[in-house]
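The structure appears below as structure tokens.
FYI, it's all coordinate maths here, none of it is from the lab. Please read these numbers as outputs of a predicted model, since none were measured by experiment. Cβ placement follows ideal geometry from the backbone for every residue including glycine, while neighbour counts extend to all protein chains displayed.
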Amino acid sequence: MLAGKRVLLIVGGGIAAFKAVDVIRGLRAQGASVTPVLTKAGSEFVTPLTLSVLAGSKVYQDLFDLTEEIEMGHIELSRSADLVVVTPATADLLGKMANGLANDLASTLLMATDKPVLVAPAMNVRMWEHPATQRNVKLLKSDGVLFCGPVEGSMACGEFGFGRMSEPDEIIAAIGAALSEGPLKGKHVLVTSGPTHEPIDPVRYIANRSSGQQGSAIAAALVALGAHVTFVTGPADAPPPQGVTLVKVETAAEMKTAVEAALPADAAVFAAAVADWRVASASGSKIKKEAGKLPTLEFAENPDILKTVSHMSEGRPRLVVGFAAETDDVIANATAKRARKGCDWIVANDVSPATGIMGGSENAVTLITEHGSETWERMGKAEVAERLARKIAAALG
Ligand code: CTP
């Protein structure tokens, strides 16, 4: 699948460096060639010999090594690959990249390259959440740097949260997507998916029946066509697809923040079933049952993410696609919804319980665009996704 592709793999200094070994192995198994670059800090965690043997290649370490410079200058090295991958990308490396520092071989290669760069961050949760790191991540994303993870999980330091590096198979899938030659190569598409959970108190929430299957299938189909996909998902049953930049959220407000942080994008597909309302003042502690008394919940309206993005005066994705899950007058309601939301396309479907679509594996949709509507025969959600992804590719040209 990656036959003939050349990856320059920078191994940074973090405990997750050991996972780089499996990334190299996986890439080579798929036919890619890998040239490792090991930072000084990285060499505290894995040895150059390990990387060299697994990659079947020389390992580059030093900016000022005369022999290396004569064999292959650092500028040439930075361009001799199809993709530059940083795994693990430490807070320090991200900071250097975002600020244009080049004081060692890895950071110099990252400045000098004319090839796409994909980073797999790994750091302590506090370091990941630090405003400086988040500023750097935002800058790098707007520079077009591709991200794989980090994911939520337990860390070597004993803490739990975001900052754990993605697993090697996910990094390999992201590399595959970045190197894909499909029609969406070089395009960034944002996909929202799943339900949102709106808290009543710390143990109760309001949700809906969305499984996230259609959203996951759309993201997978877009990745298969070569897009870089940012997948913002609520707590869905369906597993997220591989090869995406995954952002997990709970509430509509969090989803809106994540969507805004992920822009700019060439296209955005809003497949999430966002809760229209949240509990106005969710309780910070568990609401206790009191004999003879029923709690009263007051609601507040959630932000409309699709409408907000559709009406952006600056940085609006070229193509904005909304969904309309209806139970009555599907086409009339969805046509009105397209106008109300200001999106370009609406994918309408009938989610009446009798159709078995909500939570089921099939979908029957009508695509409504400025040119009118077309109804597709009932088919698997993966097929709906593939057809929609092809249409998106054609629209983005
Ligand atoms: N949507 C959104 N943010 C919201 C609500 C909905 O982004 N707060 C998006 C959904 O992802 C979907 C589209 O808007 O793409 C339509 O969602 P839907 O719930 O059908 O729209 P509503 O405006 O809530 O209309 P209804 O009165 O039918 O619930």
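Neighbour counts of other Cβ atoms within 10 Å put T50, T245 in the fewest-to-most order T50, T245.
Subtracting the Cα-Cα distance of D22 and D114 from 0.36 nm times their residue separation leaves 30.5 nm of extension gain.
What list do you get for F160, F45, F18 if you sort them by fewest beta carbons within 10 Å? Intermediate values should be presented prior to the final figure.
On the way: F160 12, F45 18, F18 15.
The most exposed by this proxy come first: F160, F18, F45.
The calculated FRET efficiency for S283 paired with T308, based on their beta-carbon distance and R0 = 30 Å, is about 0.60. Put the Cα centre of segment 100-120 next to the Cα centre of segment 283-323 and the gap is 40 Å.
Residues of segment 1-43 falling in the label zone of R79, defined by backbone nitrogen less than 20 Å from a point 7 Å along Cα to beta-carbon, are 5-10, 35-37. By the count of other C-beta atoms within 10 Å, a proxy for reagent exposure, V309, V119 are ordered fewest to most as V309, V119.
Let me know the number of lysine pairs in segment 188-396 closer than 14 Å at the Cα, not counting same-chain pairs under 8 apart.
4
When the charge dipole of the chain is built from unit charges on Cβ atoms (+1 for Lys and Arg, -1 for Asp and Glu) and taken about the Cα centre, the candidate among G356, G56, V11 whose Cα reaches farthest toward its positive end is G356. Given their separation in residues at 0.36 nm each and the Cα-Cα distance between them, K40 and D329 gain 97.6 nm when the chain is fully extended.
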